[in-house]
Amino acid sequence: MASEGADDNAGTAGEAGGAGRTPDGADRKARTDGKAGTDGKAGADAAAAAEAARPASGENVRIDSWIWSVRLVKTRSMGATACRGGHVRVNGERVKPAHSVRVGDEVRLRHAGRERVVVVKRLIRKRVGAPVAVECYVDN
């Protein structure tokens, strides 16, 4: 009996553990509801982020950096390792991590037990959010 009361109190303390949170999570719901009306601004911010991530005219983008930027691999070093291991092909040829990628190139990446075939639509050099990243390639 005594242990049941202790468990009940522990559960109540755990639910209301955060400052300003109610046991039913009302604050959390209020915060997520506040973001629901900002979809238009988020789209504009995403487009601005994509433009900011573009290389300047005349600059090249490395293949290891590009596959990391569009979220095909988790880290840039994983992208470089995949290139060195022969898991990345651009237009059918094995490439080194420093290979420059161009719009229209077909990139084949063997990663995590599957092969991804994508065509480069946009060059970016900085990592961007997932909704922006999928606009940078055509997934085949």
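Please treat every number below as a calculation from the coordinates, not as lab data. The shown structure was predicted, so the numbers you read here are calculated from the model rather than taken from an experiment. Cβ atoms come from the backbone with ideal geometry, glycine included; neighbour counts cover every protein chain shown.
Things to note:
- Contour minus Cα-Cα distance for ALA48 and VAL103 (0.36 nm per residue): 17.8 nm
- Remark on the range 61-139: ratio of C-alpha radius of gyration to 2.2 N^0.38 Å is 0.93.
- The value of relative contact order for the range 61-139, using C-alpha pairs under 8 Å at least six residues apart, is 31 percent.
- Local electrostatic count at GLU93 - Lys and Arg +1, Asp and Glu -1, tallied over other residues with Cβ under 13 Å: +2
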